[in-house]
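These notes concern the structure reproduced below.
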Amino acid sequence: NAGVTQTPKFRVLKTGQSMTLLCAQDMNHEYMYWYRQDPGMGLRLIHYSVGEGTTAKGEVPDGYNVSRLKKQNFLLGLESAAPSQTSVYFCASSTTTGELFFGEGSRLTVL
Amino acid sequence: SQQGEEDPQALSIQEGENATMNCSYKTSINNLQWYRQNSGRGLVHLILIRSNEREKHSGRLRVTLDTSKKSSSLLITASRAADTASYFCATVLNTGGFKTIFGAGTRLFVKA
């Protein structure tokens with residue numbers, strides 16, 4: 001049972017480039033989330049989804065877009081990467097009780 | 001600003017001692033959860049306490065919730081070196097769905 005899988009695990013971008021982070025879960029969870037983690041800031045919610053075809057903004061949505069075309073996948077896109085988006089990105093999915101299951105993270109560096 | 005604030009930011013104790021971490025939050029919640037993160041890894045769920053509960057136990061973990069003070073505490077008893085990690089509280093807001101907001105975390109170091 002893989003749980004929550006994030007790809008890629010590491011990526012280096014130049015300012016202005018675009019990329020997509022993929023999150024896949026095999027637990028049939030309705031809810032999925034994207035967080036970013038920066039030193040001393042804990043985790044901040046970027047976007048989340050309460051079901052296939054739905055998305056909603058979190059605490060820090062600017063500069064990111066998301067899509068949930070299939071229940072098991074949640075994509076996070078950066079259209080024009082900026083150095084301020086250098087961070088570790090975590091995807092999570094949750095049960096109806098609210099317990100989150102996390103992936104292992106994707107480390108993104110924007111030069 | 002973040003919903004949850006943990007205190008202390010860092011804690012260093014000897015193996016066998018108890019570790020207490022506190023969390024304060026700002027708005028009405030559905031439930032509150034505690035997570036653990038080992039260095040370089042994803043977060044792992046430890047325990048969930050609902051807004052109508054006051055105390056919950058799981059093994060060596062004890063969580064309390066005081067909704068009147070908007071605060072929670074996590075107690076780890078008889079700590080072990082393997083408990084060294086960062087601990088985060090997360091609040092699920094009463095806004096519908098499961099919008100979950102994390103605090104900045106407490107870094108716990110348990111010396112063997």
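Just so you know, all these numbers are worked out from the coordinates, no wet-lab data involved. Everything numeric in this text was worked out from a predicted model, so none of it was measured. Virtual Cβ from ideal backbone geometry, glycine too; neighbours counted across all protein chains shown.
Counting C-alpha atoms alone, how compact is the protein assembly as shown: give Rg to one decimal and Dmax as a whole number, in angstrom.
Rg then Dmax for the protein assembly as shown, in Å: 17.3, 51.
Mind giving me the nanometre distance, one decimal, between the label points for B:ARG60 and A:LYS57, set 7 Å out from Cα along Cα→Cβ?
It works out to 4.4 nm between the two label points.
log₁₀ I(q)/I(0) of chain A at q = 0.10, 0.12, 0.21 Å⁻¹, via Debye over equal Cα point scatterers, no solvent, to two decimals?
Result of the Debye calculation: -0.25, -0.36, -1.12.
Using only C-alpha atoms and all pairs of different ones, pull out the Kirkwood radius for chain B in Å with one decimal.
With all distinct Cα pairs of chain B included, I get 14.0 Å.
Can you give me the C-alpha center-to-center distance between the stretch B:27-63 and the stretch A:27-99, rounded to a whole angstrom?
The two parts, judged by their Cα centres, are 21 Å apart.
Is there a simple number for the mean count of other chain Cβ atoms within 10 Å of the Cβ of residues in A:94-104, and what is it?
Details: counts 6, 3, 1, 6, 14, 11, 12, 4, 7, 2, 3.
Mean partner-chain Cβ count within 10 Å for A:94-104: 6.
So what's the convex hull volume per residue for the Cα atoms of the stretch B:61-112, in Å³? Write down the numbers at each step before the final one.
On the way: hull volume 5.0 nm³, N = 52.
Roughly 96 Å³ of hull volume per residue.
At a threshold of 8 angstrom on Cα-Cα distance, excluding pairs fewer than six apart, so keeping six or more, what relative contact order does chain A reach in percent? It would help to have the intermediate numbers written out before the result.
Working: 287 pairs, mean separation 39.3, N = 111.
RCO, chain A: 35 percent.
Any idea what the alpha-carbon Rg over 2.2 N^0.38 Å comes to for the stretch A:61-110?
Ratio of Rg to 2.2 N^0.38 Å for the stretch A:61-110: 1.29.
Would you mind finding the longest exposed-site-free stretch of chain A, with exposed trypsin sites (Lys or Arg not before Pro) meaning DSSP loop and at most 13 other Cβ atoms within 10 Å?
A:15-69
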